[in-house]
Amino acid sequence: MRGTPSIVPPPRHRTRTCCDYAVSRAVEDSNLRMLRARDAMDRTYAQPLDIPALARIAIVSEAHFIRTFRATFGETPHRYLQRRRVERAMFLLRQTDRDVTEICLDVGFNSLGTFSRSFRDIVGESPTDYRNRGRGAAAVPTCFAMAWTRPSSFGEARERGRG
Amino acid sequence: MLKSLAISQIYVLDQGQALDFYVGKLGLKVRDDQDLGFMRWLTVAVPGDESRAILLERPGQPSMDDKTAEQVRDLVTKGRAGGHLFFITDDCRKTYDELRAKGVEFTEEPTERPYGIDCGLRDPFGNHIRFSQPTSVASVEQSSSGKQRR
C-alpha cells in the first residue's frame, strides 16, 4: 500500500521527541478541561456558578482554574459567564415579551441593579432600549447564535456592534 | 450546477479513538478505511445515508508541519477548530438516553428550539456535535426534499 519513497512521510512523530509530545499533550488535556468548564457555563448559566464548582468540573485547583481559563480563552471565567448571561438576556429581550426583571432572574443575575449595570456596560444601552430597537435575528441553530451573539470582551466586536 | 455534498471533514487527534467514539458510541459506520501510505483515509457515515461521509483526518505530517499540527490540535481541544456536525434523529430524547447509557457526555440536554428538539455534545477531542428532532414542518420539508433528490 505504500507509495513511492519520495512522498512517503517519515513514520508518525519521528521528528519530535517524546518530551515535545508530553508538553503538547498536556496543553491539549488542559484545553479539554477548560472547555468542559466553559460548556458547563453555556449550559447552566442560570444557576449560581462559582469558581470552586467550575474548578471541580475542570478537575483543577481554583487558583489554577482562573489563570488557565484566561490563558486558554483570553478572558476570565467570570467575564465569560457574565457575557453569556447578557447574551441570553438579549435573546429573551428580542424573542419574548417577558418583563425585564423576570429576564434578569432567568439568566442568573440576583438583582436588577447588577443586571442593568452589567447590561449597559457590555451592550452600551439599557435592556429596555435594546428591546425597543427590536433587532430581529435569523433562525440559525442556537449554538451558533450563542457563540456569535455573546458580547465580546475583546473590544473589537463591541465597537462593531455599536456602529 | 452542484448536485450533492459527498464528504465533509473534521480533525480528530487519534483515529482509533475517533472510531471508538463515532462508530462504537454514536453508531455511525465506517465507509472507507484505507492506508494510502501517506495517510489513513478514514470516513464514517450515518447508516442508511452513506452518500454523505465524514472524513476523520488526523492533523500532522506531511499535510502540515509539526508546529502547525500542534496549533491545530490546540484549537481542536479548545473547541474552536471548526469541527461541527449536525445530525437528525426521529426521537431526540430517546437517542439522548441511549447515548448517555453508552457513556457519552453531553454538553446540553434535549431542549425545545424553534426548529425542533435538539441537544449537544463533544467528541473526545473537542469537536461539537448536535442532533435534532426537527419540528413537524421542518421534517416534512426534509423528507420531501430527500425524495426529490432521489
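Just so it is clear, none of the values below were taken in a lab; they were calculated from the coordinates. Computed from a prediction, not measured in an experiment: that's the story for all the values here. No Cβ is skipped: glycine too gets one built from the backbone with ideal geometry, and neighbour counts run over all protein chains shown.
Remarks
- Take the Cα of A:Glu102, step 7 Å toward its Cβ, do the same at A:Arg43, and the gap between the two points is 2.7 nm.
- Mean ellipticity per residue at 222 nm, deg cm²/dmol - from DSSP H runs of n ≥ 4 across chain B, formula -39500 (n - 2.57): -8000 deg cm²/dmol
- Whether the stretch B:89-128 is rounded, prolate or oblate, judged on the alpha carbon gyration tensor where a/c under 1.5 counts as rounded: oblate
- Over the stretch A:54-114, all Cα pairs binned in 5 Å intervals from 0 give whole-percent P(r) values of 4, 17, 21, 17, 13, 14, 10, 4, 0, listed from short to long.
- For residues of B:81-87, the mean tally of beta carbons on other chains within 10 Å: 1
- Global geometry of the stretch B:48-125, whether rounded, prolate or oblate, following the gyration tensor of its Cα atoms and the 1.5 cut on a/c: prolate
- Highest-first arrangement of B:98-104, B:111-117, where packing means the average Cβ count within 10 Å: B:111-117, B:98-104
- Calculated P(r) tail over 25 Å for chain B, as whole % of Cα pairs: 34
- Lys-Lys pairs in chain B that are eight or more residues apart or on separate chains and whose Cα atoms lie under 17 Å of each other come to 6.
- Sequence-distant contacts, meaning Cα pairs under 8 Å at least 6 residues apart, place the relative contact order of the stretch B:10-150 at 20 percent.
- Calculated diffusion of the stretch A:64-154, Stokes-Einstein form, Kirkwood radius summed over Cα pairs, 10 °C and 1.306 mPa s, µm²/s: 115
- Mean separation of Cα pairs under 8 Å and 6 or more residues apart, divided by the residue count, gives the stretch B:79-124 a relative contact order of 29 percent.
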